[in-house]
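Read the structure below first, then the notes.
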Amino acid sequence: MRYGLSLIVMSILLLTACNPSATQTPAPPTAAPSTPTPEVLEQAQPTPFAQVTLPPVGEIVAPATEDPEAGLVFDLITFTQTGGPNNTQLTIELHSDGTLVRNGETSTVSQEDIAAIDTMLDEVGFFGLQGVFAAPAPNPDVYSYTITVERGGASRMLTAQDTYTPQELKQLFAAIINLGQPTQPG
């Protein structure tokens, strides 16, 4: 047994002697400089966030890219108008087949009316427009609007108040509100 143990110890010594890197001690690490160099400081500075400028309240920012689905007719528009001097509520659902549900009453509008509303949505770039159209705290004396448009599996909702609604959206809202209204004699 002693002979076997001696043989193992000698083999280890022989292998160690044949491999000089195994016996070398590594060089001590160099100390980092106590003050960072300008290059290190430049790399350590946080990158500032991109500046985002919001448009003034009540102004529309046109979509940055063209709507790829602009020719596609909407599937459903859900529109509500609430508040105002008499604290009223109007709810309108407009389906692309011409079905109009106005405060629970169902009627039909023409395909010309559907095409006109759809054209207005495309002209305003509804699915890509940006802007702030309502105050943080609603004023009960002005009308507030919510419009949701569903088209081809996509949906977009906007909220607005009279005092912050740009003219393009006011025209769209008025066109929807006037749908199914009896025409006034002249």
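Remark: the A116-A137 segment gains 4.3 nm on full extension, using 0.36 nm per residue and subtracting the alpha carbon distance. May I ask which residue of V142, M120, L169 lies farthest towards the positive end of the charge dipole of region 81-178, with charges of +1 (Lys, Arg) and -1 (Asp, Glu) on Cβ and the Cα centre as origin? Working it through, the farthest residue towards the positive pole turns out to be V142.
Neighbours of I176 by Cβ distance under 14 Å: Lys/Arg scored +1, Asp/Glu scored -1, total -2.
Residues within the reach of a label modelled at A154 (point 7 angstrom out along Cα to beta-carbon, backbone nitrogen below 11 Å), restricted to region 103-123: there are none.
No lab work stands behind these numbers, since they all come straight from the coordinates. Just so we're clear, the structure is a prediction, and the values are computed from it rather than from any experiment. Reconstructed Cβ throughout: ideal geometry from the backbone, glycine too, with neighbour counts over all protein chains shown.
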